[in-house]
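All remarks here apply to the structure that follows.
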Amino acid sequence: MCGIIGYIGKRKVADVLLTGLKNLEYRGYDSCGISFFSNDEIKSIKSAGKIQGLEEKIKNTEIEMGHLGIAHTRWATHGSASEMNAHPHTVSNITLVHNGIIENAELLKGELLEKGYFFQTETDTEVVAALIDSYYQGDLVSAIFKAENRMKGSYALGIIVKGESDKIYAVRKDSPLVIGYGNEEYFIASDISAILEFTKQYVLLEEGEVAILESSGVKVIDSNYQEVVKKVLLADIDAERQSKNSYEHYMLKEIMEEPILLENLIKMFVDSEKMVISNLPDVSKYEEIHIVACGSALYAGEVGKYLLEEKSRIPVFVSAASEYRYRSPIYSHKTLVILISQSGETADTIAALRMAKDRGIPTLAIVNTESSTIAREVDDVIFIKAGVEVAVATTKAYILQVAILSLLSLKAAIAKGIIRDSEMSFLFDEFISLPEKIQEVLHRNYQNIAKEIYNSSTVFFIGRGIDYTMCLEGSLKLKEVSYIHSEAYQAGELKHGSISLIERGTPVIALITSEELKDKSVSNLIEAKSRGAKCIVVVTEKTEIEEVLKIVVEELSSFTQTLLVVPILQLLAYEVAKLRGCEIDQPRNLAKSVTVE
Ligand code: G6P
């Protein structure tokens with residue numbers, strides 16, 4: 001979703017801003033722009049579409065650029081993805097970039113129109129610029145605080161003002177913003193990965209604070225105009241780890257990282273000799289668990305439900321955060337709410353977390369980004385340590401989220417004393433052997449299967465039990481990156497309606513790894529085949545099924561099978577998208593970090 005970068009220092013401002021914008025590309029965007037001071041005047045250059053277009057315009061401009069500027073990648077919310085609607089927006093004295101959504105923008109716009117402001121764009125951001133300008137009488141900090149009192153919604157703002165060519169102002173609410181500290185140079189960024197080439201030192205701007213960046217230093221003040229002493233943090237990531245290395249796409253690189261990341265996760269949490277899972281909370285004391293998340297994290301939660309119920313016999317309810325936050329969930333005095341989020345910044349998941357906390361319910365998060373809002377606000381947090389995930393469609397983070405949920409289920413089963421020693425020892429052995437097994441399936445070639453799919457207009461994934469939960473993620477991945485319509489169905493449900501969509505040649509991908517349900521799933525597949533479906537199966541060695549395209553995987557227990565099968569589905573989605581010539585790392589309309597509702 002939208003990205004912000006701002007710079008003040010001795011480097012050429014356009015170079016820094018373009019580097020930052022390129023680093024933010026992964027979040028997903030549809031237009032971009034920069035503003036800077038040129039001989040004390042604020043100038044802007046914007047472009048609809050990709051950063052290359054903006055770069056061309058900057059190259060061809062004759063306007064002199066100084067050493068201070070702000071820039072933005074926009075993911076359209078209010079108004080189309082046009083150059084006109086691209087940020088920065090200028091109203092009178094104020095020029096700003098904005099991440100987030102102002103919910104009462106229409107109301108504020110009405111008031112500002114009455115005051116004589118007029119608007120050129122359809123954006124809520126232009127309203128923010130006008131609102132701040134309406135309060136501005138030479139003291140921008142005061143104008144910002146007054147505007148904050150009026151705005152409802154989420155925002156991270158980078159602001160420059162006419163007549164102050166040596167200052168960038170920054171403020172935020174419910175949308176992250178960091179301040180980077182370099183050597184006599186300072187940055188604002190929506191996340192630290194945008195500026196890693198320049199510095200790893202940063203502070204997190206908190207709500208209610210305003211940062212003022214000057215070439216001589218940064219001052220952060222609170223709403224009482226008191227200076228706040230901020231703790232400077234060091235980012236635990238390097239620019240190198242963010243590069244594609246020799247891979248054609250980040251998505252492929254990130255899938256290929258799964259074995260080593262899982263191995264690292266095992267080192268962090270598993271002592272297979274002693275059969276102990278350490279450094280993870282014991283969830284066995286809870287009588288029910290609510291898992292709340294969005295997108296792939298939600299589907300990781302579906303696997304978690306299956307495992308927690310099967311292994312540790314704790315009832316689990318899985319909800320999309322966007323629904324959960326507006327329901328009235330029933331909590332018992334022994335409910336735990338687990339939030340799952342790669343970014344830790346997904347607006348709906350944050351809202352669900354805050355709702356549970358307000359009700360006094362214990363919360364646990366499974367998160368990748370350590371400095372994120374969820375990681376900071378939740379009662380207890382488990383970091384998956386996936387490193388930066390750049391491709392918009394998540395892959396490695398999903399795998400590590402599932403791995404954590406598997407370990408939580410096993411740990412709870414052990415704590416409850418409901419797992420036999422022999423099974424426990426089997427599962428530990430199986431778990432630690434996974435990285436090697438995943439490595440093997442990732443080095444196979446799935447292009448022949450991809451060729452059977454890539455020209456189709458619709459694909460079905462079917463499965464029962466835990467196989468169905470894997471279908472959810474396989475189907476989501478395929479539609480996200482290849483733009484082929486795809487649905488995941490419980491195999492037994494297909495005949496209750498959707499089988500009418502199956503025509504000669506429609507690919508039906510059946511996951512049949514669950515031993516006790518395999519005969520049922522095979523029957524469902526044959527029903528589809530009899531209606532002309534092109535059948536592709538992911539099966540274990542033991543499942544005999546003729547005349548279909550097969551991907552054979554080793555049979556594992558339900559505890560680990562997902563971690564071997566879903567990497568295959570991720571790679572398959574990747575290969576299909578590649579054959580279709582899609583923009584794999586930044587699929588259209590999608591955003592990496594969804595910071596608005
Ligand atoms: C976006 C991403 C998905 C991700 C979802 C939840 O839609 O494109 O890949 O699964 O957000 O994100 P989170 O950061 O909360 O895991």
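The values are calculated or read from the model by the stated rules, or taken from the named source; none is laboratory data. Given the structure is predicted, the values throughout are model-derived calculations rather than measurements. Positions of Cβ are generated from backbone atoms using ideal geometry, with glycine treated the same way; all protein chains shown enter the neighbour counts.
For segment 380-389, the criterion of being at positive phi and surrounded by fewer than 24 Cβ atoms within 10 Å (Cβ to Cβ) is satisfied by at least one residue. Taken as a whole, the condition of being within 25 Å of the chain's Cα centre (by Cα) and closer than 22 Å to A413 by Cβ does not apply to A320. When the residues of segment 62-85 are filtered to those that are farther than 25 Å from S154 by Cα and in contact with a helix residue (DSSP H, G or I) (Cβ under 9 Å, 6 or more places away or on another chain), which remaining residue is surrounded by the fewest Cβ atoms within 10 Å (Cβ to Cβ)? That would be G66.
So, of the residues in segment 325-344 that are within 16 Å of the ligand (Cβ to nearest atom) and small (G, A, S), which turns out to be surrounded by the most Cβ atoms within 10 Å (Cβ to Cβ)?
S341
Could you tell me whether E185 is closer than 30 Å to K146 by Cα, surrounded by 14 or more Cβ atoms within 10 Å (Cβ to Cβ) and of a type in the set (D, E, K, R)? Judged against the criteria, E185 is a match.
Say we look at segment 303-324 and pick out the residues that are basic (K, R) and at negative phi; which of these is surrounded by the most Cβ atoms within 10 Å (Cβ to Cβ)?
We begin by selecting, within segment 303-324, every residue basic (K, R); these are 305, 311, 313.
Filter once more, so that each one left must be at negative phi: 305, 311.
On the way: K305: 20, K311: 24.
For segment 303-324, the residue satisfying everything is K311.
On the basis of being among the small types (G, A, S) and in a strand (DSSP E or B), does A365 make the cut? Spelling it out, A365 is indeed among the small types (G, A, S) and in a strand (DSSP E or B). Take the conditions (1) modelled with pLDDT of 85 or more; (2) more than 19 Å from K10 (Cα to Cα); H78 misses just one of them, which is (1).
Going through segment 270-302 one residue at a time, which ones are hydrophobic (A, V, I, L, M, F, W, C), surrounded by 17 or more Cβ atoms within 10 Å (Cβ to Cβ), away from the ligand (no atom under 16 Å from the Cβ) and farther than 19 Å from T562 by Cα? Please lay out each step first, then the result.
The first filter runs over segment 270-302 and keeps only residues hydrophobic (A, V, I, L, M, F, W, C), leaving 270, 275-277, 280, 283, 289, 291-294, 297-298, 300.
Going one step further and asking which of them are surrounded by 17 or more Cβ atoms within 10 Å (Cβ to Cβ), we end up with 270, 277, 280, 283, 289, 291-294, 297-298, 300.
Right, trim to away from the ligand (no atom under 16 Å from the Cβ) and you get 270, 277, 280, 283, 289.
Those that are hydrophobic (A, V, I, L, M, F, W, C), surrounded by 17 or more Cβ atoms within 10 Å (Cβ to Cβ), away from the ligand (no atom under 16 Å from the Cβ) and farther than 19 Å from T562 by Cα: I277, L280, V283, I289.
I'd like to check which helices (runs of 4 or more DSSP H) are fully inside segment 424-520 and have at least 1 residues that are closer than 18 Å to K550 by Cβ and among the small types (G, A, S).
447-453, 466-482
Pairing residues of segment 529-542 that are under 17 Å from Y446 (Cα atoms) and in contact (Cβ under 8 Å) with a residue 12 or more places away in the chain with residues that are of a type in the set (S, T, Y) and part of a helix (DSSP H, G or I), at Cβ distances under 7 Å and at least 6 apart in sequence or on separate chains, gives no pairs at all. In segment 202-218, the residues that are farther than 14 Å from T373 by Cβ and without any contact (Cβ under 8 Å) to a residue 24 or more places away in the chain form no Cβ pair under 6 Å with any partner that is surrounded by 18 or more Cβ atoms within 10 Å (Cβ to Cβ) and not hydroxyl-bearing (S, T, Y), whether six or more places apart or across chains.
Residues in segment 11-66 that are part of a loop (DSSP other than H, G, I, E, B) and either in contact with a Cys (Cβ under 7 Å, 6 or more places away or on another chain) or at pLDDT 90 or above (or both): R11, K12, Y29. Could you list all residues from segment 93-132 that are in contact with a Phe, Trp or Tyr (Cβ under 8 Å, 6 or more places away or on another chain) and more than 16 Å from K152 (Cα to Cα)? Those that are in contact with a Phe, Trp or Tyr (Cβ under 8 Å, 6 or more places away or on another chain) and more than 16 Å from K152 (Cα to Cα): N93, I94, L113.
Pairing residues of segment 266-285 that are without any contact (Cβ under 8 Å) to a residue 12 or more places away in the chain with residues that are surrounded by fewer than 18 Cβ atoms within 10 Å (Cβ to Cβ) and aliphatic (A, V, I, L, M), at Cβ distances under 8 Å and at least 6 apart in sequence or on separate chains, gives N279/M268. A count restricted to segment 374-407 and to residues that are in a helix (DSSP H, G or I), within 11 Å of the ligand (Cβ to nearest atom) and in contact (Cβ under 8 Å) with a residue 60 or more places away in the chain stands at 3.
Scan segment 360-373 for residues that are within 12 Å of the ligand (Cβ to nearest atom) and over 14 Å from A293 (Cα atoms) and jot them down. Give the steps one after another, and end with the answer.
Initially, segment 360-373 is screened for residues within 12 Å of the ligand (Cβ to nearest atom), giving 365-369, 372-373.
Listed by number, the residues that qualify are T369, S372, T373.
Please state which one of T373, T458, T469, T394 is surrounded by 24 or more Cβ atoms within 10 Å (Cβ to Cβ), over 23 Å from E302 (Cα atoms) and either of a type in the set (S, T, N, Q) or touching a Ser or Thr at 6+ places or on another chain (Cβ under 9 Å) (or both). Let's see the steps before the verdict.
Working: T458 fails: surrounded by 24 or more Cβ atoms within 10 Å (Cβ to Cβ); T469 fails: over 23 Å from E302 (Cα atoms); T394 fails: over 23 Å from E302 (Cα atoms).
Step by step, each of T373, T458, T469, T394 is checked, and only T373 is surrounded by 24 or more Cβ atoms within 10 Å (Cβ to Cβ), over 23 Å from E302 (Cα atoms) and either of a type in the set (S, T, N, Q) or touching a Ser or Thr at 6+ places or on another chain (Cβ under 9 Å) (or both).
As a summary of the residue check, I45 satisfies the conditions (1) crowded, with 18+ Cβ neighbours inside 10 Å; (2) out of contact with any Gly (no Cβ under 7 Å at 6 or more places or on another chain); (3) without any contact (Cβ under 8 Å) to a residue 40 or more places away in the chain except for the one numbered (2).
Residue pairs whose Cβ atoms lie under 6 Å apart, separated by 6 or more positions or on different chains, with the first residue in segment 288-309 and closer than 11 Å to V402 by Cα and the second within 9 Å of the ligand (Cβ to nearest atom) and not in a helix (DSSP H, G or I), are S296/T394; A297/I340; A297/S341; A300/I340; G301/A293; G301/I340. Restricting attention to segment 573-597, and to residues there that are outside any loop (DSSP other than H, G, I, E, B) and within 15 Å of the ligand (Cβ to nearest atom), which single residue is nearest to A81 (Cα to Cα)? Among residues in segment 573-597 that are outside any loop (DSSP other than H, G, I, E, B) and within 15 Å of the ligand (Cβ to nearest atom), the one nearest to A81 (Cα to Cα) is A577.
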